[in-house]
Amino acid sequence: MASTSLRQQLSIMRQSLFDEGILDHEQVSYLETLENEDDPDFIENVFTLFLRDSSRYIDSIEKALETSPIDYPVMEIMMYRLKGSSASIGASKINGETNILRKLFHDGDMESGKASLQKLKAEHATFKEKLAVYVGVILAL
């Protein structure tokens, strides 16, 4: 009974993540096909690694902005990694914000870029919060 209730809750939460544009349905569905008996926690592990790595990438971007002169090569590497990793797990909003951030910095619009970085950090915090609850329900099954 409790397991059925948790599965229903998980299904609702999953759909909500898709409906809100936080996760890309197609990419997550693909990742789910990679989960099997040999690696039953694949999805949880991928999301956990993404959260760890993406936090480091964002911190590195912020630190590179604070250096004088600004460390553009580090910023570019970290934005590239964040763009790739967010796309690979289907973190739609983070990927979109990263693309905006990259364009602003490439165009030399530092003030808008700094504002965009704050928006990216907010999206990341929301993603982290919602994903932690989702993964917690998965682990409870």
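The values are calculated or read from the model by the stated rules, or taken from the named source; none is laboratory data. The model shown is predicted, which means the values in this text are computed figures rather than measured ones. Methodologically, a virtual Cβ is constructed for each residue, glycine included, from the backbone with ideal geometry; neighbour enumeration extends over all protein chains shown. These accessible areas exclude ligands, DNA and RNA; they are computed on the full protein's heavy atoms, side chains included. Shrake-Rupley method; radii C 1.70, N 1.55, O 1.52, S 1.80 Å.
Among the residues of the stretch 24-36, those identified as open to solvent by less than 70 Å² (accessible area, probe 1.4 Å) and modelled with pLDDT of 95 or more are 24, 27.
Quick check on my filter: what residues within the stretch 88-116 are among the charged types (D, E, K, R) and open to solvent by 30 Å² or more (accessible area, probe 1.4 Å)?
Of everything in the stretch 88-116, those that are among the charged types (D, E, K, R) and open to solvent by 30 Å² or more (accessible area, probe 1.4 Å) turn out to be 93, 102, 103, 107, 109, 111, 114.
Restricting the stretch 37-59 to residues that are assigned to a loop (DSSP other than H, G, I, E, B) and either more than 18 Å from residue 132 (Cβ to Cβ) or among the hydrophobic types (A, V, I, L, M, F, W, C) (or both), the residue that is most open to solvent (accessible area, probe 1.4 Å) is 37. Among the candidates 127, 105, the residue that is touching a strand residue (DSSP E or B) at 6+ places or on another chain (Cβ under 7 Å), hydrophobic (A, V, I, L, M, F, W, C) and part of a helix (DSSP H, G or I) is uniquely 127. Total residues in the stretch 60-87 satisfying the condition of being within 15 Å of residue 18 (Cα to Cα) and open to solvent by 40 Å² or more (accessible area, probe 1.4 Å): the figure is 1.
Inclusion of residue 112 among residues that are closer than 20 Å to residue 15 by Cα and part of a helix (DSSP H, G or I) is not warranted.
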